[in-house]
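Visitor: Following this message is one structure expressed as structure tokens.
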Amino acid sequence: MYEIEIIWRLVLAFLLSALIGFEREVSKKPAGFRTHAIVSVSSCLATIISIYYFKSDPARIASGIITGIGFIGAGNIIASKGDVKGITTAASLWSVAIVGLACGVGAYILAYVTAVMVFILLVVAKVEKTLHIKE
């Protein structure tokens, strides 16, 4: 695999996750721009290394990333007196890990469409709250 292609995959993972992370940052969530970008770029690089350098089964690294990101997501969820916060940010972290995986294997269109869809969902939820459509 050419280094330019590897760099493109990492840059795309960064840009797509930055979109989602930026929304979380603006919403003043504990996991924002940097966290989302780090998760996605790291997932992308782990996938690239697994496939092209270790020549291993990409499903194995994907499984490890999906499981591992659950730990980070769980740390973001706070339960206090019957109120649970952080589930959406945990889900967005999980999604950028998958976007990173998609970039790592070269599934650019899937990564792009997924990132845009997640971003739209986050923005729509914010609009719903602002307009008091949903409590």
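Visitor: Listing GLU128, GLU25, GLU3 from the residue with the fewest other Cβ atoms within 10 Å to the one with the most, what is the order? Mind dumping the intermediate values first?
Guide: Values: GLU128 12, GLU25 16, GLU3 7.
Ordered by Cβ neighbours within 10 Å, fewest first: GLU3, GLU128, GLU25.
Visitor: Using Cβ contacts closer than 10 Å as the measure, can you line up VAL84, VAL113 from fewest to most?
Guide: The most exposed by this proxy come first: VAL84, VAL113.
Visitor: Quick one: helix 87-105 against the long Cα principal axis of the chain, what's the angle to the nearest 10°, folded into 0 to 90?
Guide: 20 degrees
Visitor: Multiply the residue separation of ASP57 and ALA79 by 0.36 nm, subtract the distance between their alpha-carbon atoms, and state the gained length in nm to one decimal.
Guide: Net length gain for the segment: 4.2 nm.
Visitor: May I pose another question? Could the peptides 42-49, 114-121 be put in order, highest first, of the mean number of other beta-carbon atoms found within 10 Å of their residues?
Guide: 42-49, 114-121
Visitor: Using the 2.2 N^0.38 Å rule of thumb for compact globular proteins, work out how the range 19-73 stacks up: its C-alpha Rg over that value, please. Please list the in-between numbers first.
Guide: Details: Rg = 13.2 Å, N = 55, 2.2 N^0.38 = 10.1 Å.
Against the empirical 2.2 N^0.38 Å value, I get 1.31 for the range 19-73.
Visitor: What translational D, rounded to a whole number of µm²/s, comes out for the chain from Stokes-Einstein when the hydrodynamic radius is the Kirkwood one over Cα pairs, at 25 °C and 0.890 mPa s?
Guide: Stokes-Einstein gives a translational diffusion coefficient of 161 µm²/s.
Visitor: Here's another thing I want to ask about it. Compute the helix-to-body angle for 58-76: its Cα long axis versus the longest principal axis of the chain, expressed 0 to 90° and rounded to tens.
Guide: 30 degrees
Visitor: Can you tell me the relative contact order of the range 60-135? Whole percent, Cα pairs under 8 Å, sequence separation 6 or more.
Guide: 21 percent
Visitor: Write down the Kirkwood hydrodynamic radius of the range 61-135, to one decimal in angstroms, obtained as one divided by the mean of 1/r over all alpha carbon pairs.
Guide: Here the Kirkwood hydrodynamic radius works out to 13.8 Å.
Visitor: How large is the helix-only mean residue ellipticity at 222 nm for the chain, computed as the sum of -39500 (n - 2.57) over DSSP H runs with n ≥ 4, divided by its residue count, in deg cm²/dmol to the nearest 500?
Guide: Counting only the DSSP helices, I get -26000 deg cm²/dmol.
Visitor: If you don't mind, another one. Relative contact order (percent) for the range 41-100, with alpha-carbon contacts under 8 angstrom and 6 or more residues of separation? All intermediate terms of the calculation are to be shown ahead of the outcome.
Guide: On the way: 49 pairs, mean separation 22.7, N = 60.
Relative contact order here is 38 percent.
Visitor: Against the longest principal axis of the chain, how steep is helix 3-26, in degrees 0 to 90 to the nearest 10, with axes from Cα atoms?
Guide: For helix 3-26, the angle is close to 10 degrees.
Visitor: Put a dot 7 Å past each Cα toward the Cβ at PHE71 and TRP8; how far apart are the dots in nm?
Guide: Between TRP8 and PHE71, the simple spin-label model gives 3.4 nm.
Visitor: Taking the range 91-135, which trypsin sites (Lys or Arg not before Pro) meet the DSSP loop condition and have no more than 14 other C-beta atoms within 10 Å? All intermediate terms of the calculation are to be shown ahead of the outcome.
Guide: Details: sites: LYS126, LYS129, LYS134; in loops: LYS134.
Those that pass, being in a loop and sparsely packed, are LYS134.
Visitor: Let me ask something else. When only Cα pairs under 8 Å and 6 or more residues apart are kept, what is the percent relative contact order across the chain?
Guide: That works out to 30 percent.
Rule-based calculations on the coordinates, nothing more; no lab input. Just so you know, these numbers come straight off a predicted model, no measurement behind them. For neighbour counting, all protein chains shown are included, and Cβ atoms are generated from backbone atoms with ideal geometry for every residue, glycine included.
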